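Below: one structure, written as structure tokens.
Please treat every number below as a calculation from the coordinates, not as lab data. The shown structure was predicted, so the numbers you read here are calculated from the model rather than taken from an experiment. We place every Cβ from the backbone using ideal geometry, glycine too, and count neighbours over all the protein chains shown.
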Amino acid sequence: MKSFATTAKVSALPVLDLSLLQGTATEHARFIEQLRVAARDVGFFYVIGHGVSLSKQQAMLQLAKDFFALPLADKRQVQMLNSPHFRGYTGFQGELTRGKPDQREQFDIMKEDDVLGLPTQDALWRRLIGPNQWPVQLPAMRQELLQFQQQLSDITVQLLESLMQALQLPADALAETITDGPYQHMKLIHYPGAHATSSNQGVGAHKDPGYLTLVLQDSQSGLQVETADGWIDAAPLPGAFVVNIGELLELASNGYLKATMHRVVTPQAGIERFSCAFFMAAQLDATVPLLALSAELAAEAQGPASDPSNPLFHQVGANVLKGRLRSHPDVAARHYSDELPELARVG
């Protein structure tokens with residue numbers, strides 16, 4: 001496998017066509033190589049040819065607009081504060097990134113599950129498992145969002161398998177970490193224009209914690225990616241999803257795959273921005289392996305080497321819960337006040 005020079009200035013994200021996986025052997029190999037380069041050197045790319053129609057994407061963005069257009073009292077009927085599972089509506093400045101409030105409102109869902117009962121003290125993360133909240137004013141929303149979430153989950157599994165092949169490993173190298181299906185988390189997001197906020201932090205600079213993230217954007221720019229040459233725009237590309245590598249996948253690949261800092265800047269005054277983000281990770285009870293790379297690939301890794309004893313590998317659920325508690329301190333205070341001292345010692 002050829003090494004790829006990284007001295008060129010990054011001015012735009014790569015565009016990868018997922019449909020090449022169903023093409024000829026040459027096309028399949030070309031996609032895997034393009035994926036390897038994009039995931040190692042940038043950590044962000046667009047994916048097209050994914051099978052989700054433009055009309056379906058536009059329908060999901062319209063659903064977001066319909067939800068956020070509801071009266072505030074209706075949205076608060078499904079506010080996340082009601083849910084120990086971190087599902088539902090969060091108002092402006094209700095989520096923190098690196099301790100600072102984000103200038104957005106959002107609606108979060110995960111897998112639709114039954115509550116598993118009271119968790120044991122060493123598995124408090126099981127409280128993440130449970131039902132979503134749904135607005136009665138939009139009765140079709142439940143079916144449409146859950147179906148869309150599953151579609152995006154299937155795409156990320158396909159990408160994960162392809163990334164394993166890019167690392168010269170079996171496609172199922174991480175299959176045991178998603179045996180019962182990967183961890184799913186999706187959110188509809190609304191960013192108001194600058195006239196409505198006191199900050200340009202739509203979302204503060206951060207890395208995503210899981211395996212992979214897919215982002216569906218409307219026609220307004222705002223998502224930015226940090227490169228060695230500074231911040232670049234992940235400008236909307238009709239029909240495409242933006243994909244980025246999460247920290248857990250960077251760790252599992254011993255620093256070969258790149259988790260990249262990114263942020264969302266507040267739109268200009270008079271402009272609103274809508275998006276949908278899907279986050280995929282190992283299932284919450286998984287133990288994530290440190291993947292064994294060939295000497296050739298290990299020499300090309302640009303990220304830090306991973307410590308096999310890092311608790312992120314074997315405390316997936318606990319670390320997901322800690323991230324949610326940090327981001328939503330109001331939910332933490334209402335539903336987890338007794339457990340916070342114990343959780344602070346985890347990891």
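Some points to look at:
- Separation of alpha-carbon centers, the stretch 7-47 and the stretch 70-149, rounded to whole Å: 33 Å
- Mean ellipticity per residue at 222 nm, deg cm²/dmol - from DSSP H runs of n ≥ 4 across the chain, formula -39500 (n - 2.57): -9000 deg cm²/dmol
- Which labelled figure in (1) 135; (2) 220; (3) 145 is volume of the Cα convex hull per residue in Å³, once derived from the coordinates: (1)
- Cα shape, the stretch 133-218, gyration tensor, a/c 1.5 rule: oblate
- With each label modelled as a point 7 angstrom along the Cα→C-beta vector, the Gln168-Ser19 pair spans 3.2 nm.
- The GluC sites (Glu not before Pro) of the stretch 200-264 include none that meets both criteria, a DSSP state outside H, G, I, E and B (loop) and at most 10 other C-beta atoms within 10 angstrom of the site's C-beta.
- For the chain, the residue among Ala301, Ile245, Gln79 whose Cα projects farthest onto the positive side of the dipole built from Cβ charges is Gln79.
- For Glu27 and Asp285, a Förster radius of 45 Å and the Cβ-Cβ distance give a FRET efficiency of 0.75, rounded to the nearest 0.05.
- Within the shell defined by Cβ-Cβ distances under 11 Å, the residues around Asp41 carry a net charge of +2, with Lys and Arg each +1 and Asp and Glu each -1.
- Sites Gln268 and Ala295 - FRET efficiency at Förster radius 35 Å, r taken between beta-carbons, to 0.05: 0.10
- Relative intensity, log₁₀ I(q)/I(0), of the stretch 58-175 from a Debye sum that treats every alpha carbon as a point, q = 0.12, 0.20, 0.22 Å⁻¹: -0.61, -1.15, -1.21
- In the chain, Cα pairs under 8 Å separated by at least six residues give a relative contact order of 21 percent.
- Among Gln224, Gln22, Gln165: highest mean-square fluctuation, GNM of the chain, C-alpha pairs under 10 Å: Gln22
- Signed unit charges on C-beta, dipole axis of the chain, positive-most listed residue Ile48, Leu160, Leu61: Leu61
- Counted residue by residue at 0.36 nm each, then reduced by the alpha carbon distance between them, the extension gain from Arg98 to Ala305 reaches 72.1 nm.
- Taking the chain as a Gaussian network of alpha-carbon nodes connected by springs under 10 Å, the highest mean-square fluctuation of the residues Ala235, Ala333, Ala194 belongs to Ala333.
- Charges were assigned to the Cβ only: +1 to each Lys and Arg, -1 to each Asp and Glu. The resulting dipole of the stretch 31-344 about its Cα centre is roughly 820 debye.
- Cα extents for the stretch 197-332 along the principal axes, largest to smallest and rounded to whole angstrom: 51, 39, 26.
- Built from the Cα atoms of the stretch 22-92, the convex hull projects on average onto 7.9 nm², one quarter of its surface area.
- For the stretch 204-280, the orientation-averaged shadow of the C-alpha convex hull comes to 5.5 nm² (one quarter of the hull surface).
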